1. If residue 50 meets every condition in (1) more than 23 Å from residue 135 (Cβ to Cβ); (2) among the aliphatic types (A, V, I, L, M); (3) at pLDDT 85 or above apart from one, which number is that one?
2. Search region 11-37 for residues being under 8 Å from the mean Cα position of the chain (by Cα) and among the β-branched types (Val, Ile, Thr), and hand back the single one that is modelled with the highest pLDDT.
3. Given 68, 76, 102, which one is small (Gly, Ala, Ser), at pLDDT below 90 and under 17 Å from residue 18 (Cβ atoms)?
4. Take residue 107 and tell me if it is more than 12 Å from the chain's Cα centre (by Cα), surrounded by fewer than 17 Cβ atoms within 10 Å (Cβ to Cβ) and either modelled with pLDDT under 75 or not in a helix (DSSP H, G or I) (or both).
5. Taking region 103-127 only, how many residues are in contact (Cβ under 8 Å) with a residue 12 or more places away in the chain and of a type outside the set (A, V, I, L, M, F, W, C)?
Amino acid sequence: MRFRRLVAFHEAGRAVVAWDAGLRLPRVSIYPEEHTQGRILVGQEFPSGVSDADRRKQHVYLRLLAAGPLAVIMAGGKLPVDPHVGIEIDTHRIAVFARRAGLEIDAVFRETAVRLAFLWAPVEELANALLMQEIVPGSLAARIIRQSHPGELLE
């Protein structure tokens, strides 16, 4: 699987999980910038404290971080074996936020994998849009996700 396609799935997975969590998406991109091959921008900063009110936001952020590598694997790709700055930053962020929020990393990855599997159609649609355009404005990303979103998960 080509690297550019893997980046598209990585960012699309994150964007769909962010949108599903109610975060506003100003932009989704696979255009290489600074030290990264792509990024999503969400319309808020995440908290640095550990209050009960912050724990939910930190949990959402952990799921958002985990969604990128999980989407790559679910799309049939492999994470790079060689050191990769973006993956190292994500791994560090996951560890810091999990420790700070008192959350189990394994549980976060399991929850995220289940949700991502349920939301796979929007991930594929957004990844395809990213491959065509490289930068997708938030309004278009939301429209793509909304059109292919399967609805509420039955529990």
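1. Against the list (1) more than 23 Å from residue 135 (Cβ to Cβ); (2) among the aliphatic types (A, V, I, L, M); (3) at pLDDT 85 or above, residue 50 comes up short only on (3).
2. 16
3. 68
4. It is false that residue 107 is more than 12 Å from the chain's Cα centre (by Cα), surrounded by fewer than 17 Cβ atoms within 10 Å (Cβ to Cβ) and either modelled with pLDDT under 75 or not in a helix (DSSP H, G or I) (or both).
5. Looking only at that region, the number is 6.
The values are calculated or read from the model by the stated rules, or taken from the named source; none is laboratory data. Just so it is clear, the model here is predicted, and its values are computed rather than measured. Every residue, glycine as well, gets a Cβ built from its backbone with ideal geometry; the counts of neighbours run over all protein chains shown.
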